[in-house]
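K.L.:
So that we are looking at the same thing, I have put the structure below in C-alpha coordinates.
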Amino acid sequence: MSKDLIRYDLQVQNALKGVIRKVMTEAARDGLPGDHHFYITFKTRAPGVRLSQHLRDTYPDEMTIVLQHQFWDLAVTEHAFEVGLSFRGVPERLLIPFDALTVFFDPSVQFGLKFGAEDEDGIAAPEESVPPAKPVAQPARPTVPVRASDGEAPAPAKGKGRKAEKAAEKAEEVAAEAEPGATVVSLDAFRKK
(Lines give C-alpha, C1' and ligand atoms only; values in the text may rest on other atoms or scores of the structure.)
Protein backbone atom coordinates (compact mmCIF):
# COMPACT_ATOMS: atom_id res chain seq x y z
CA MET A 1 0.00 0.00 0.00
CA SER A 2 1.38 3.42 -0.90
CA LYS A 3 1.78 6.30 1.53
CA ASP A 4 -0.96 8.95 1.52
CA LEU A 5 1.02 12.05 0.54
CA ILE A 6 -2.13 14.11 0.01
CA ARG A 7 -3.22 13.52 3.61
CA TYR A 8 -6.93 13.09 2.98
CA ASP A 9 -7.53 12.67 6.71
CA LEU A 10 -6.21 16.18 7.40
CA GLN A 11 -8.14 17.58 4.43
CA VAL A 12 -11.37 16.17 5.89
CA GLN A 13 -10.55 17.53 9.36
CA ASN A 14 -9.96 20.99 7.92
CA ALA A 15 -13.22 20.84 5.97
CA LEU A 16 -15.17 19.86 9.09
CA LYS A 17 -13.51 22.64 11.08
CA GLY A 18 -14.73 24.94 8.31
CA VAL A 19 -18.29 23.86 9.14
CA ILE A 20 -17.73 24.77 12.79
CA ARG A 21 -16.15 28.11 11.78
CA LYS A 22 -19.18 28.95 9.59
CA VAL A 23 -21.73 28.00 12.27
CA MET A 24 -19.88 29.98 14.93
CA THR A 25 -19.48 32.99 12.64
CA GLU A 26 -23.26 33.00 12.12
CA ALA A 27 -23.82 32.63 15.88
CA ALA A 28 -21.47 35.57 16.53
CA ARG A 29 -23.34 37.70 14.00
CA ASP A 30 -26.98 36.65 14.65
CA GLY A 31 -26.96 34.79 17.99
CA LEU A 32 -27.81 31.13 18.47
CA PRO A 33 -30.93 30.15 16.51
CA GLY A 34 -33.72 28.19 18.22
CA ASP A 35 -32.52 25.67 20.79
CA HIS A 36 -29.04 25.30 19.28
CA HIS A 37 -26.13 25.42 21.69
CA PHE A 38 -22.59 24.09 21.56
CA TYR A 39 -20.46 21.85 23.75
CA ILE A 40 -16.88 22.54 22.72
CA THR A 41 -14.01 20.46 24.06
CA PHE A 42 -10.45 21.58 23.43
CA LYS A 43 -6.88 20.88 24.48
CA THR A 44 -5.90 23.56 27.00
CA ARG A 45 -2.18 23.26 26.22
CA ALA A 46 -2.53 23.31 22.44
CA PRO A 47 -0.53 26.02 20.63
CA GLY A 48 -2.37 29.33 20.53
CA VAL A 49 -4.88 28.60 23.32
CA ARG A 50 -5.18 31.60 25.60
CA LEU A 51 -6.83 31.31 29.01
CA SER A 52 -5.99 32.33 32.56
CA GLN A 53 -3.37 30.41 34.50
CA HIS A 54 -6.08 29.46 37.02
CA LEU A 55 -8.15 27.74 34.31
CA ARG A 56 -5.05 26.10 32.85
CA ASP A 57 -4.19 24.72 36.31
CA THR A 58 -7.77 23.55 36.87
CA TYR A 59 -8.00 21.93 33.43
CA PRO A 60 -4.42 20.86 32.64
CA ASP A 61 -5.23 18.78 29.56
CA GLU A 62 -8.73 19.26 28.22
CA MET A 63 -11.71 21.51 28.93
CA THR A 64 -15.32 21.60 27.77
CA ILE A 65 -17.24 24.86 27.53
CA VAL A 66 -20.91 25.31 26.72
CA LEU A 67 -22.05 28.24 24.61
CA GLN A 68 -25.73 28.57 25.36
CA HIS A 69 -27.22 31.43 27.38
CA GLN A 70 -24.51 33.53 29.00
CA PHE A 71 -21.49 34.19 26.86
CA TRP A 72 -20.40 37.43 25.29
CA ASP A 73 -18.21 38.97 22.62
CA LEU A 74 -17.97 35.84 20.49
CA ALA A 75 -15.51 36.67 17.72
CA VAL A 76 -14.49 34.22 15.02
CA THR A 77 -11.46 34.42 12.73
CA GLU A 78 -10.10 32.07 10.12
CA HIS A 79 -8.04 30.11 12.66
CA ALA A 80 -9.64 30.66 16.08
CA PHE A 81 -12.53 31.99 18.09
CA GLU A 82 -12.59 34.17 21.16
CA VAL A 83 -15.40 34.25 23.73
CA GLY A 84 -16.17 35.70 27.13
CA LEU A 85 -17.49 33.36 29.85
CA SER A 86 -17.89 33.53 33.60
CA PHE A 87 -16.25 30.95 35.87
CA ARG A 88 -17.31 31.04 39.53
CA GLY A 89 -18.45 34.61 39.00
CA VAL A 90 -15.12 35.67 37.48
CA PRO A 91 -15.29 36.84 33.85
CA GLU A 92 -12.71 35.22 31.59
CA ARG A 93 -11.79 35.69 27.94
CA LEU A 94 -10.75 32.52 26.08
CA LEU A 95 -9.02 32.30 22.72
CA ILE A 96 -9.33 28.84 21.18
CA PRO A 97 -7.76 27.90 17.83
CA PHE A 98 -9.89 25.51 15.77
CA ASP A 99 -6.88 23.17 15.67
CA ALA A 100 -7.18 22.75 19.47
CA LEU A 101 -10.73 21.33 19.22
CA THR A 102 -11.29 17.69 20.04
CA VAL A 103 -15.12 17.64 20.15
CA PHE A 104 -17.89 19.89 18.86
CA PHE A 105 -21.43 18.84 19.79
CA ASP A 106 -24.84 20.46 19.36
CA PRO A 107 -27.19 18.42 21.58
CA SER A 108 -30.30 20.19 20.26
CA VAL A 109 -29.98 18.23 17.00
CA GLN A 110 -27.63 15.44 18.17
CA PHE A 111 -24.87 16.55 15.81
CA GLY A 112 -21.26 16.02 16.80
CA LEU A 113 -17.78 16.06 15.39
CA LYS A 114 -14.76 14.44 17.01
CA PHE A 115 -11.24 15.31 15.97
CA GLY A 116 -8.14 13.18 16.42
CA ALA A 117 -5.00 14.60 17.94
CA GLU A 118 -1.93 14.99 15.77
CA ASP A 119 1.57 14.01 16.75
CA GLU A 120 4.64 16.21 16.22
CA ASP A 121 4.87 15.19 12.56
CA GLY A 122 1.26 16.27 11.94
CA ILE A 123 0.06 12.68 11.70
CA ALA A 124 -3.38 12.15 13.16
CA ALA A 125 -3.51 9.63 15.96
CA PRO A 126 -6.14 6.88 15.75
CA GLU A 127 -9.44 7.64 17.46
CA GLU A 128 -11.61 5.30 19.40
CA SER A 129 -14.55 4.19 17.31
CA VAL A 130 -17.84 5.73 18.38
CA PRO A 131 -21.03 3.64 18.17
CA PRO A 132 -23.41 5.31 15.70
CA ALA A 133 -26.25 5.70 18.22
CA LYS A 134 -24.12 7.68 20.66
CA PRO A 135 -23.06 11.29 20.16
CA VAL A 136 -19.36 11.91 19.91
CA ALA A 137 -19.52 14.46 22.70
CA GLN A 138 -19.10 11.58 25.13
CA PRO A 139 -15.32 11.45 25.51
CA ALA A 140 -13.49 8.33 26.64
CA ARG A 141 -12.37 10.15 29.80
CA PRO A 142 -15.23 12.08 31.47
CA THR A 143 -14.97 15.80 30.86
CA VAL A 144 -17.17 18.04 32.95
CA PRO A 145 -19.01 20.61 30.82
CA VAL A 146 -18.54 24.17 32.02
CA ARG A 147 -21.83 26.01 31.66
CA ALA A 148 -21.44 29.74 31.52
CA SER A 149 -24.99 30.08 32.82
CA ASP A 150 -24.15 28.14 36.00
CA GLY A 151 -21.72 30.84 37.10
CA GLU A 152 -19.38 28.18 38.47
CA ALA A 153 -16.79 26.00 36.87
CA PRO A 154 -16.95 22.45 38.17
CA ALA A 155 -13.76 20.77 39.23
CA PRO A 156 -12.10 18.67 36.55
CA ALA A 157 -13.07 15.03 36.40
CA LYS A 158 -10.18 13.10 37.90
CA GLY A 159 -9.99 9.51 39.02
CA LYS A 160 -13.22 7.92 40.11
CA GLY A 161 -14.48 10.62 42.43
CA ARG A 162 -18.10 11.74 42.69
CA LYS A 163 -17.62 14.59 40.21
CA ALA A 164 -16.18 12.20 37.62
CA GLU A 165 -19.12 9.86 38.19
CA LYS A 166 -21.58 12.75 37.71
CA ALA A 167 -19.81 13.78 34.51
CA ALA A 168 -19.99 10.21 33.22
CA GLU A 169 -23.69 10.03 34.14
CA LYS A 170 -24.36 13.30 32.29
CA ALA A 171 -22.52 12.02 29.22
CA GLU A 172 -24.57 8.80 29.39
CA GLU A 173 -27.79 10.83 29.63
CA VAL A 174 -26.85 12.81 26.54
CA ALA A 175 -25.98 9.57 24.75
CA ALA A 176 -29.26 7.95 25.82
CA GLU A 177 -31.20 10.87 24.36
CA ALA A 178 -29.57 10.36 20.98
CA GLU A 179 -31.99 9.28 18.34
CA PRO A 180 -31.17 6.08 16.41
CA GLY A 181 -30.69 8.16 13.25
CA ALA A 182 -28.53 10.81 14.94
CA THR A 183 -25.86 12.35 12.75
CA VAL A 184 -22.42 11.35 13.98
CA VAL A 185 -19.28 12.07 12.03
CA SER A 186 -16.11 10.35 13.15
CA LEU A 187 -12.91 10.95 11.26
CA ASP A 188 -11.93 7.37 11.98
CA ALA A 189 -14.14 6.36 9.06
CA PHE A 190 -11.84 8.26 6.70
CA ARG A 191 -8.54 6.90 8.00
CA LYS A 192 -6.55 3.98 6.71
CA LYS A 193 -6.63 1.04 9.07
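K.L.:
Please go through the stretch 20-41 and give me each residue that is surrounded by 13 or more Cβ atoms within 10 Å (Cβ to Cβ) and over 18 Å from F111 (Cβ atoms), ordered by number.
P.N.:
A28
K.L.:
Show the residue pairs that are 6+ apart or on different chains and have beta-carbon atoms under 8 Å apart, the first residue being within the stretch 71-89 and at positive phi, the second being assigned to a strand (DSSP E or B).
P.N.:
Once the first residue is at positive phi and sits in the stretch 71-89, its partners that are assigned to a strand (DSSP E or B) give D73/E82; D73/V83; D73/G84; D73/R93.
K.L.:
A further question follows. Taking into account only those residues within the stretch 84-137 that are at pLDDT below 50 and of a type in the set (D, E, K, R), which is farthest from P47 (Cα to Cα)?
P.N.:
Pass one, the stretch 84-137, residues at pLDDT below 50: 119-137.
Right, trim to of a type in the set (D, E, K, R) and you get 119-121, 127-128, 134.
Numbers: D119: 13, E120: 12, D121: 15, E127: 21, E128: 24, K134: 30 Å.
Residue satisfying both the conditions and the ranking: K134.
K.L.:
Please enumerate the residues belonging to the stretch 21-50 that are in contact (Cβ under 8 Å) with a residue 24 or more places away in the chain, charged (D, E, K, R) and assigned to a loop (DSSP other than H, G, I, E, B).
P.N.:
D35
K.L.:
Then there's this: Taking the residues in the stretch 56-70 that are in contact with a Ser or Thr (Cβ under 7 Å, 6 or more places away or on another chain) and free of Cβ contacts under 8 Å to residues at least 60 places away in the same chain as candidates, determine which candidate is surrounded by the fewest Cβ atoms within 10 Å (Cβ to Cβ). Walk me through how you get there before you give the answer.
P.N.:
So in the stretch 56-70, the residues in contact with a Ser or Thr (Cβ under 7 Å, 6 or more places away or on another chain) come out as 56, 59-64, 68-70.
With free of Cβ contacts under 8 Å to residues at least 60 places away in the same chain added as a condition, the list becomes 56, 61.
On the way: R56: 15, D61: 11.
Only one residue tops the list, namely D61.
K.L.:
Also, I was wondering about something else. Given (1) in a helix (DSSP H, G or I); (2) more than 25 Å from G18 (Cβ to Cβ), where does H69 come up short, assuming only one miss?
P.N.:
(1)
K.L.:
Here's a follow-up. Output the number of residues of the stretch 85-104 satisfying the condition of being within 30 Å of L10 (Cα to Cα), within 16 Å of the chain's Cα centre (by Cα) and not aromatic (F, W, Y).
P.N.:
The qualifying residues number 9.
K.L.:
Contact list please: Cβ distance under 6 Å, first residue in the stretch 1-20 and closer than 17 Å to F98 by Cβ, second residue surrounded by 14 or more Cβ atoms within 10 Å (Cβ to Cβ) and of a type in the set (G, A, S), pairs at least six apart or on different chains.
P.N.:
Here the result reads D9/A124, each pair linking the stretch 1-20 to a residue that is surrounded by 14 or more Cβ atoms within 10 Å (Cβ to Cβ) and of a type in the set (G, A, S).
The values are calculated or read from the model by the stated rules, or taken from the named source; none is laboratory data. Predicted, not measured: the structure shown is a model, and the values here were computed from it. Glycine gets a Cβ as well: all are built from the backbone with ideal geometry, and neighbour counts include every protein chain shown.
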